[in-house]
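Read-outs throughout are calculated quantities, based only on the coordinates presented, and are distinct from any laboratory measurement. The structure presented is a predicted model; accordingly, all values stated were derived computationally and were not measured. Virtual Cβ from ideal backbone geometry, glycine too; neighbours counted across all protein chains shown.
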Amino acid sequence: MSRNFYFIGIAFFGMINGIFNQLALIFTLLYVQLLAGPLLFGSLSLTLMFASLMVSTATVILGGIPAAIYERVTGASESTDASLWIWLAGTALLALPAAGNFLKIGL
């Protein structure tokens, strides 16, 4: 399978978690309003989009940690299919709380 399909899947699960995970989004929104509120002109919609982007990015990063550990243990110099599967599975597991909202609301 092409590596691009792995990356598309990882980005998809990150996007789903960033948009539809209400608990993480509200938690992040509270901190973004305090720290980046003036930077985003006090606009709630811009702040919400920035918080969603932060949750999506955190999902991709946290999902990649087990894959990085696997690559370190096996001594791989670059990503293999196994490590990409681990990364994809990690982001999918992190996106599970948002899956119900995604299926109920849809894109």
Tell me, in nm to one decimal, what length is gained between Ile105 and Leu34 on full extension, where the rule is 0.36 nm per residue of separation less the Cα-Cα distance? 22.7 nm
Return the calculated 222 nm mean residue ellipticity for the chain, to the nearest 500 deg cm²/dmol, obtained by summing -39500 (n - 2.57) across DSSP H runs with n ≥ 4 and dividing by the residue count. -27500 deg cm²/dmol
Subtract the Cα-Cα distance of Met49 and Leu96 from 0.36 nm times their separation in residues, and report this length gain in nm to one decimal. 14.9 nm
Cα axis of helix 96-105 to longest principal axis of the chain: angle in degrees, 0 to 90, nearest 10? 60
Taking only Cα atoms, what is the 0 to 90° angle, nearest 10, from helix 81-94's long axis to the longest principal axis of the chain? 30
So what's the net charge close to Gly9: Lys and Arg +1, Asp and Glu -1, counting the other residues with Cβ under 15 Å from its Cβ? 0
When the scattering of region 3-102 is computed by the Debye formula from its Cα atoms alone, each counted once and equally, what is log10 I(q)/I(0) at q = 0.21 Å⁻¹? -0.94
Length-normalised contact order of the chain, Cα under 8 Å, at least 6 apart, in percent, tallies to 40
Candidates Leu84, Leu96, Leu39; GNM for the chain (alpha-carbon contacts under 10 Å) flags as most fluctuating Leu39
For a quick protection proxy, order the peptides 46-57, 70-81 by their average other-Cβ count within 10 Å, most packed first. 46-57, 70-81
Phi angles of region 19-35, converted by Karplus (6.51 cos²θ - 1.76 cosθ + 1.60, θ = phi - 60°) into ³J(HN,Hα) in whole Hz with x for Gly and Pro, give 8, 9, 8, 5, 5, 5, 5, 5, 4, 5, 4, 4, 6, 5, 5, 6, 8
